[in-house]
1. Out of Thr39, Thr52, Thr100, which single residue is among the β-branched types (Val, Ile, Thr), open to solvent by less than 70 Å² (accessible area, probe 1.4 Å), under 30 Å from Arg16 (Cα atoms) and outside any strand (DSSP E or B)?
2. Can you say whether Leu89 is open to solvent by 60 Å² or more (accessible area, probe 1.4 Å), farther than 30 Å from Thr13 by Cβ and touching a strand residue (DSSP E or B) at 6+ places or on another chain (Cβ under 9 Å), as far as the supplied structure shows?
3. Out of (1) surrounded by fewer than 15 Cβ atoms within 10 Å (Cβ to Cβ); (2) outside any loop (DSSP other than H, G, I, E, B), what's the single condition that is false for Leu76?
4. So which pairs qualify, if the first residue must be in the range 16-31 and at pLDDT 85 or above, the second must be among the β-branched types (Val, Ile, Thr) and open to solvent by 80 Å² or more (accessible area, probe 1.4 Å), the Cβ gap must be under 7 Å, and the two must be at least 6 apart or on different chains?
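The values are calculated or read from the model by the stated rules, or taken from the named source; none is laboratory data. All values derive from a computational prediction rather than experimental measurement. Neighbour counts are summed over all protein chains in view; Cβ atoms, including those assigned to glycine, are modelled from backbone coordinates with ideal geometry. Surface accessibility is based on the protein's heavy atoms, side chains included, excluding ligands, DNA and RNA. Shrake-Rupley method; radii C 1.70, N 1.55, O 1.52, S 1.80 Å.
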Amino acid sequence: MRRILASHASGETTLRIIDDETKKPSEITLTPGLSKLLTELLRHIGSGDAVTLVPVSQMLSTQQAADILNVSRPFLISLLDKGEIDHELVGRHRRIKAETLFAYKRGRNAKRSKALDDLAALDGESL
């Protein structure tokens, strides 16, 4: 299915779904953006990755945020205490807006990527 969607990613794609109970087909037209998203989702699932859909406006618990970043909850709390990730207190509980967490994750990934590029450049200079 991923290959089919990828081949149609430049335009609208029609997806046919057959209901298990009624055996009746339904057709859904996917925009290019939705086709790309579904292709990416299927790529992760095909690789055995766990996938969770989170609305960007959702408030996350510290455990949910730690799971998304693939870090321990105590490490995440240390990031919150250092002010590296904005959060709110709801009673005694910390909550992180998903949008804020994803922005932090993108920044972290960009820093990691740059560091790896710098290391590769240094390695290339030493040859």
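1. Details: Thr52 fails: open to solvent by less than 70 Å² (accessible area, probe 1.4 Å); Thr100 fails: under 30 Å from Arg16 (Cα atoms).
None of the others qualify; the one that does is Thr39.
2. Values: open to solvent by 60 Å² or more (accessible area, probe 1.4 Å): yes; farther than 30 Å from Thr13 by Cβ: yes; touching a strand residue (DSSP E or B) at 6+ places or on another chain (Cβ under 9 Å): yes.
Yes.
3. (1)
4. Qualifying pairs under 7 Å: Pro25/Ile18; Glu27/Thr14; Thr29/Thr14.
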